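A.B. asks: Pasting in a structure now, in structure tokens, and then I'll have a few things to ask.
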Amino acid sequence: MIILVLSTFSITSGYAQLENGASSRRHMNFYKLGFKQIKEDANIGLVFNGPEVIYGHYWEYSKNNMIFSIENEIGVCIPFSKGIPALDIYFKPAEVSCLILTRKKNKLAAGPFVKFEYNYTLYPQLQSAFDYWFTNFSLGIRSRYNFSIASQPLSLRLKSSLCGFTSRQPDYRNPYFYDIGFKHAIRHVNSDLRFSILGEYNTSDFELSWKPKADSRITWAYCFNYNGYFETPEISIVRQAIKLTFNPKSK
């Protein structure tokens with residue numbers, strides 16, 4: 001908790017420094033259309049695969065050599081395994097980061113981020129009485145590198161968690177006593193939070209984006225995301241998606 005508080009304070013302090021002098025702001029909406037895989041060891045270890053749609057919003061404030069940003073996402077997936085459907089909901093209410101640009105042509109930027117992330121899954125034909133979840137409130141490192149190939153502008157972004165607080169359903173639950181529903185789901189995904197480090201869980205993101213022209217309204221990107229919890233009950237979540245970001249009109 002102390003680490004997360006200190007990180008949030010440092011990001012907020014960086015934002016305060018941005019207030020001096022010229023600045024720029026950007027607001028963008030985006031969609032991710034992709035494919036998701038879930039291996040939930042607490043649920044027979046089956047691998048569920050299916051299409052996923054995510055909607056998100058990105059807000060950025062930059063000044064001098066600092067970039068302050070806030071991002072949120074919500075998505076839904078209908079994965080299948082052996083013809084059995086499931087319902088998976090993904091929600092990231094906030095990811096806050098502060099990047100510092102290098103002095104050399106502003107190609108490389110890196111800094112800390114804090115995020116709040118929820119993964120919630122139901123398997124109605126396998127376990128109609130139980131819900132499954134993986135929650136992480138994480139502190140990590142984020143980086144961005146801008147470059148070009150054959151005069152085409154590209155941007156590479158990498159993120160990885162270092163530590164944080166996690167929540168998972170118990171390894172064993174009494175089959176005769178259970179509760180389910182929206183109220184209980186909210187309580188479950190925030191229950192029994194424990195401090196975890198890199199060897200106990202990890203969330204990582206890779207994104208390679210391409211903007212065809214400087215004034216283009218759409219930026220295209222390939223995204224790869226991995227979420228893993230390595231304690232019992234283990235879970236692995238892999239996403240691959242095409243991301244369409246809708247840029248504001250050029251003034």
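A.B. asks: Is there a residue being farther than 27 Å from Asn190 by Cα and either free of Cβ contacts under 8 Å to residues at least 12 places away in the same chain or part of a strand (DSSP E or B) (or both) anywhere in region 37-60?
C.D. replies: Yes, there is a match, as at least one residue in region 37-60 is farther than 27 Å from Asn190 by Cα and either free of Cβ contacts under 8 Å to residues at least 12 places away in the same chain or part of a strand (DSSP E or B) (or both).
A.B. asks: Determine, yes or no, whether Ser148 is of a type in the set (Ser, Thr, Tyr) and either surrounded by fewer than 16 Cβ atoms within 10 Å (Cβ to Cβ) or touching a Pro at 6+ places or on another chain (Cβ under 7 Å) (or both).
C.D. replies: The answer is yes for Ser148.
A.B. asks: Here's another thing I want to ask about it. Restricting to region 170-192, and then to whatever is charged (D, E, K, R) and part of a helix (DSSP H, G or I), can you tell me which residue is farthest from Ala42 (Cα to Cα)?
C.D. replies: Here the residue is Lys183.
A.B. asks: A further question on this structure: Would you pick out the residues in region 41-54 that are at pLDDT below 95 and in contact with a Pro (Cβ under 9 Å, 6 or more places away or on another chain)?
C.D. replies: Of everything in region 41-54, those that are at pLDDT below 95 and in contact with a Pro (Cβ under 9 Å, 6 or more places away or on another chain) turn out to be Asp41, Ala42, Asn43.
A.B. asks: Would you be able to say whether some residue in region 94-106 is farther than 19 Å from Ser24 by Cα and not hydrophobic (A, V, I, L, M, F, W, C)?
C.D. replies: Yes, there is a match, as at least one residue in region 94-106 is farther than 19 Å from Ser24 by Cα and not hydrophobic (A, V, I, L, M, F, W, C).
A.B. asks: Can you tell me which of (1) among the aromatic types (Phe, Trp, Tyr); (2) out of contact with any Phe, Trp or Tyr (no Cβ under 8 Å at 6 or more places or on another chain); (3) in a strand (DSSP E or B) is the one Trp220 doesn't meet?
C.D. replies: Result: Trp220 passes all but (2).
A.B. asks: To continue, here is another question. So which residues in region 188-206 are out of contact with any strand residue (DSSP E or B) (no Cβ under 9 Å at 6 or more places or on another chain) and surrounded by 11 or more Cβ atoms within 10 Å (Cβ to Cβ), if there are any at all? Reasoning before the result, please.
C.D. replies: Filtering region 188-206 for residues out of contact with any strand residue (DSSP E or B) (no Cβ under 9 Å at 6 or more places or on another chain) gives 199.
Once the filter is applied, which keeps residues that are out of contact with any strand residue (DSSP E or B) (no Cβ under 9 Å at 6 or more places or on another chain) and surrounded by 11 or more Cβ atoms within 10 Å (Cβ to Cβ), region 188-206 yields nothing.
A.B. asks: Scan region 38-48 for residues that are farther than 20 Å from Tyr172 by Cβ and either surrounded by 17 or more Cβ atoms within 10 Å (Cβ to Cβ) or in contact with a His (Cβ under 9 Å, 6 or more places away or on another chain) (or both) and report the count.
C.D. replies: Here the count works out to 2.
The values are calculated or read from the model by the stated rules, or taken from the named source; none is laboratory data. Just so it is clear, the model here is predicted, and its values are computed rather than measured. Every residue, glycine as well, gets a Cβ built from its backbone with ideal geometry; the counts of neighbours run over all protein chains shown.
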